[in-house]
Every structure is written in C-alpha cells, then in structure tokens.
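The values are calculated or read from the model by the stated rules, or taken from the named source; none is laboratory data. Quick caveat, the model's predicted, so the values are computed rather than measured. Cβ placement follows ideal geometry from the backbone for every residue including glycine, while neighbour counts extend to all protein chains displayed.
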Ligand code: FES
Ligand SMILES: [Fe+2]
C-alpha cells in the first residue's frame with residue numbers, strides 16, 4: 001500500500017478556504033484499503049437484509065429461534081450470525097479455523113456447526129468441539145481453533161456489527177436517536193418490501209455521505225412541483241452535530257405531513273405554534289448509515305458492499321423501508337411520496 005501524507009487528507013478548518021479532498025481519495029484502491037482499516041473496521045455497520053448478491057438472507061423468525069444461523073457478507077467479508085441456546089446472537093467470520101472453508105452456506109437451524117470440508121465441529125458459541133483425526137495433536141485445540149466473536153448489537157428490528165474493535169459503543173448513537181423521538185417505538189416497525197431495495201451506486205461512499213449532509217442542493221435538485229423543497233419549510237432546516245452522528249430536520253409546510261408532536265422530543269416544539277410539525281428526522285450515523293424517520297415509518301439507507309471495477313472503489317447501497325404500525329399516517333400520500341424523501 002502506498003504511503004499517505006497529511007496532504008492527502010487535509011481540509012482547511014476555515015470553510016471559506018476549504019476545498020474538496022484530492023481525487024485520489026475517491027478513486028485510489030489504496031486509499032479505500034486505508035479507510036477500511038481505519039474507518040470501516042472501527043464503526044458499526046448494519047447487517048444487510050439481503051445477505052449477498054448470491055443469496056438473500058432470510059431474517060424472518062431470526063433471531064428468535066435458538067440455534068438459528070444465517071450467512072451474509074459485508075464489505076466483501078463472509079460472516080454469519082448465530083443464535084446460541086440462550087438466544088444470544090453472535091457474529092463470526094464465515095470461515096473454518098482449519099483450512100478456511102465457508103462454514104454456513106445457507107440459513108438454517110441446528111445444534112453444532114459442522115464444516116462441510118473436513119468435519120470440524122463448533123458449538124453454537126463458536127467454540128471448537130471436535131475434529132476427527134486430530135485427536136493426537138499436541139497443544140490442540142488452541143484459542144485460535146475457536147471461531148472469533150465479532151461485536152454485534154441488536155436494536156429494535158436492526159442488527160449491527162463491527163468488523164473490529166468499535167471506536168464507540170453502539171448505544172451512544174442509539175441513545176441520541178431514541179431521545180429525538182421518545183414517542184416512536186422501533187419494535188413496532190414492520191418491514192415493507194420495496195422494488196428498488198438494493199441499488200448499485202456508481203460512486204465512492206464519501207460522496208453518499210457528503211450528499212446526505214448537503215442540504216444546499218435540496219432547493220435545486222429536489223425543487224417543485226411536488227419535490228422535497230415544496231414539502232418542507234427550508235428556512236427551518238436544521239443540522240445538529242453529535243460525536244458519531246448528525247441529525248437534520250425541518251418543519252413540514254403542511255402540518256398534516258408532519259409528526260404528531262408527542263412522537264418527537266419537546267425541543268422540536270415551537271412555543272405557541274402548534275401547526276409547526278417536524279417533517280422528518282434524518283439521522284446520519286458515521287460512516288455509511290442513514291435512518292430517515294417519517295410519520296409513516298422509516299427508510300434506511302446503507303452502503304454496504306464495495307466493488308472495485310472500472311469506476312474505482314464504489315459502494316452498493318440498500319434502501320429498506322419499515323412502516324410504523326402505530327402511526328395513522330402509513331397511507332397518507334403527502335409523506336410517503338418518494339419525491340419528497342431525502343436522497
Ligand atoms: S476446512 Fe473446515 S474442517 Fe477443514
Ligand atoms: Fe438529494
């Protein structure tokens with residue numbers, strides 16, 4: 001990997017003098033490699049609902065059944081989730097500790113995990129159990145013969161994991177989000193399939209993050225008639241910065257398109273202006289997850305697979321919808337209208 005200098009990352013703290021990162025930050029595979037080590041292996045990522053292009057991960061019923069397991073891939077890494085006998089969920093690399101054969105090839109339920117290649121057996125906590133023919137080895141089994149547990153967190157209907165040691169506990173971001181919408185119960189959300197759930201995004205993951213945090217383009221790109229710029233009161237567009245996340249929100253032009261006041265935090269209430277209602281809570285969780293809460297439910301965007309092809313290192317995004325079963329606004333057209341969603 002090539003050596004990088006501070007020039008490769010420099011952004012002037014004075015916004016009047018700041019410029020974009022050099023183009024290599026968006027196209028150089030070495031730069032992406034560095035980002036994977038320093039960013040993506042230290043941050044929480046949503047376990048994709050669709051495991052990989054080859055197989056669609058079936059999450060229905062998971063993780064409620066002890067012994068259930070499901071393979072998926074994230075950032076090109078083969079992984080699987082495994083529920084143990086106490087229904088605790090663990091996440092492991094999907095490779096055998098003997099000779100790296102994939103362990104779990106499709107979703108299923110079972111007792112021990114048996115490697116299809118030479119029969120090495122692990123329990124549902126990933127501990128080595130047995131391997132026929134290896135009985136007389138010295139100093140065996142060792143710690144490295146167990147499967148390596150990766151951090152995993154369950155939050156409402158979502159599962160997040162980290163490929164390495166996370167920079168901050170997941171609950172830090174989750175608490176900020178929960179605090180912004182005390183009247184919304186994530187557990188009540190119901191998955192709603194939409195046709196364009198997985199999208200190929202020709203571009204670097206930073207462009208997605210950048211576009212999301214840029215509200216300046218809304219008045220140009222999402223203008224009327226019928227666009228987001230029509231649906232919100234742009235004057236009230238607000239960005240709140242947190243340590244590993246950011247919240248953007250604005251009032252709806254029409255109060256009926258906004259949240260019921262008791263669903264969101266009291267800080268969003270305008271004194272003596274009951275018709276000012278929050279149109280959406282757009283949460284960005286560094287580096288690649290957006291949770292877009294609307295009165296009808298939630299649209300989740302995450303960039304989770306990467307391709308290195310002619311366009312350079314790029315990410316594939318997913319756009320998953322959840323409806324809020326406790327909301328009366330599920331079918332109201334004003335707020336479920338795709339053209340008024342944040343993209
Ligand atoms: S690769 Fe799994 S037992 Fe050999
Ligand atoms: Fe946009």
Quiz prompt | Unique match (being out of contact with any helix residue (DSSP H, G or I) (no Cβ under 6 Å at 6 or more places or on another chain) and either modelled with pLDDT of 95 or more or within 16 Å of ligand 1 (Cβ to nearest atom) (or both)) among 264, 201 | solution = 264
Exercise. Looking only at the stretch 243-256, count how many residues are under 30 Å from residue 171 (Cα atoms) and touching a strand residue (DSSP E or B) at 6+ places or on another chain (Cβ under 9 Å).
Key: 9
Practice problem: Using the structure shown, decide if residue 213 is over 14 Å from the mean Cα position of the chain (by Cα), within 16 Å of ligand 2 (Cβ to nearest atom) and at pLDDT 90 or above. | Solution: yes
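Here is a check on your reading of the model: is residue 250 touching a residue at least 24 places away in the same chain (Cβ under 8 Å) and either within 16 Å of ligand 1 (Cβ to nearest atom) or in contact with a helix residue (DSSP H, G or I) (Cβ under 7 Å, 6 or more places away or on another chain) (or both)? Full working, then the answer.
Working: touching a residue at least 24 places away in the same chain (Cβ under 8 Å): yes; either within 16 Å of ligand 1 (Cβ to nearest atom) or in contact with a helix residue (DSSP H, G or I) (Cβ under 7 Å, 6 or more places away or on another chain) (or both): yes.
Against the criterion (touching a residue at least 24 places away in the same chain (Cβ under 8 Å) and either within 16 Å of ligand 1 (Cβ to nearest atom) or in contact with a helix residue (DSSP H, G or I) (Cβ under 7 Å, 6 or more places away or on another chain) (or both)), residue 250 qualifies.
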Quiz item: Can you find a residue in the stretch 200-219 that is farther than 30 Å from residue 37 by Cβ and not in a loop (DSSP other than H, G, I, E, B)?
Solution: yes
